[in-house]
Amino acid sequence: MKVKVLLLTVVFLVSSYGLASASTLSNWGPTGISEIPTAEVMSLGVGIGPNIGFYGEESLVRVPVTLGLGIGMEIGATGISLPSSSEISPVFHLKLNVIEEKALLPGLSIGGILDVNNVIGGNTIYLVLSKGIGNLKGHIGMGSGIYEGIFGALEFKLTDNMDLVGFYKSEKVGIALNINILSFLNATVTYHEGLIVQLGLSVSL
């Protein structure tokens, strides 16, 4: 009984503060879509997006936590459990919105992932542009590390709560379906070299 009351209390508090649309975290941590970051930056609030990828007989677990500072900047950390190790190792990420998206102007953000323990093969720096027109929104960027080379995505809004996404990263094409379950809760199913499932929780303060 106490557990049920506690769960209901948590749901009530989250819904009270999370009435704004949930920010979707990319699987590596920065606000984004599935495997890539976008120019969007989380407003004042916090998000978590645990996900697991299945690649043949191996799996990759990532647990990103991102904090929006409310000044066009977000910071966070992602715990990563590689197939070759049972330990969870952290990487740290930061993203800054340089130009806010407007009617005739795409949004522009720069960011980086600090890989202090060489978990993912070194540090990452990237730049990304995002622009929405009607039910479509496009993203294109370039970077190093896990975002090496050119990456991009095209979102199509199927319904108010569901987006279909095609994207390109690491010289491979992927597809994702993002579903907003509640104002603060979303789920993303991706296929990119393997099946990836993410559940995201975002709370605006």
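The values are calculated or read from the model by the stated rules, or taken from the named source; none is laboratory data. Note that the coordinates shown come from a computational prediction; the quantities given were computed from them, not determined experimentally. Because the Cβ atoms are built from the backbone with ideal geometry, glycine has one as well, and the counts that use them run over all protein chains shown.
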For the stretch 156-167, what are the residues that are touching a strand residue (DSSP E or B) at 6+ places or on another chain (Cβ under 7 Å) and in a strand (DSSP E or B)?
Phe156, Lys157, Leu158, Met162, Asp163, Leu164, Val165, Gly166, Phe167
Checking Tyr147 against (1) surrounded by fewer than 20 Cβ atoms within 10 Å (Cβ to Cβ); (2) touching a Phe, Trp or Tyr at 6+ places or on another chain (Cβ under 8 Å); (3) more than 17 Å from Gly72 (Cβ to Cβ), which test does it fail?
(1)
Determine the pairs where a residue that is farther than 18 Å from Ile75 by Cβ and in a loop (DSSP other than H, G, I, E, B), located within the stretch 15-37, has a partner that is hydrophobic (A, V, I, L, M, F, W, C) and modelled with pLDDT of 95 or more with Cβ atoms under 6 Å apart, the partner being 6 or more residues away or on another chain.
Ser34/Ala176
Need the failing condition index for Val189 against (1) within 22 Å of Leu136 (Cβ to Cβ); (2) within 14 Å of the chain's Cα centre (by Cα); (3) in contact (Cβ under 8 Å) with a residue 40 or more places away in the chain, just the number.
(3)
Quick check on the stretch 30-56: of everything there that is within 8 Å of the chain's Cα centre (by Cα) and hydroxyl-bearing (Ser, Thr, Tyr), which residue is surrounded by the fewest Cβ atoms within 10 Å (Cβ to Cβ)?
Ser34
Please list, ordered by first then second residue, the pairs with beta carbon atoms under 6 Å, 6 or more apart or interchain, first in the stretch 145-160 and under 15 Å from Ser34 (Cα atoms), second buried (at least 20 other Cβ atoms within 10 Å of the Cβ) and of a type in the set (A, V, I, L, M, F, W, C).
Phe151/Ile36; Ala153/Ile33; Ala153/Ile36; Ala153/Val165; Ala153/Phe167; Glu155/Val165
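May I ask you to list the residues in the stretch 156-187 that are touching a helix residue (DSSP H, G or I) at 6+ places or on another chain (Cβ under 9 Å) and not hydrophobic (A, V, I, L, M, F, W, C)? Before you say what the answer is, go through the steps one by one.
The initial filter retains those residues of the stretch 156-187 that are touching a helix residue (DSSP H, G or I) at 6+ places or on another chain (Cβ under 9 Å), namely 169-170, 182-185.
Within the stretch 156-187, Lys169, Ser170, Ser183 qualify.
Specify which of the listed residues (Tyr126, Tyr168) is among the aromatic types (Phe, Trp, Tyr), in contact (Cβ under 8 Å) with a residue 60 or more places away in the chain and farther than 21 Å from Ile48 by Cβ. Before you say what the answer is, go through the steps one by one.
Working: Tyr168 fails: in contact (Cβ under 8 Å) with a residue 60 or more places away in the chain.
On inspection, the qualifying residue turns out to be Tyr126.
Kindly indicate whether Leu129 is at pLDDT 95 or above, over 18 Å from the mean Cα position of the chain (by Cα) and within 24 Å of Ile175 (Cα to Cα). So that I can check it myself, show each step before the final result.
Values: at pLDDT 95 or above: yes; over 18 Å from the mean Cα position of the chain (by Cα): no; within 24 Å of Ile175 (Cα to Cα): yes.
No.
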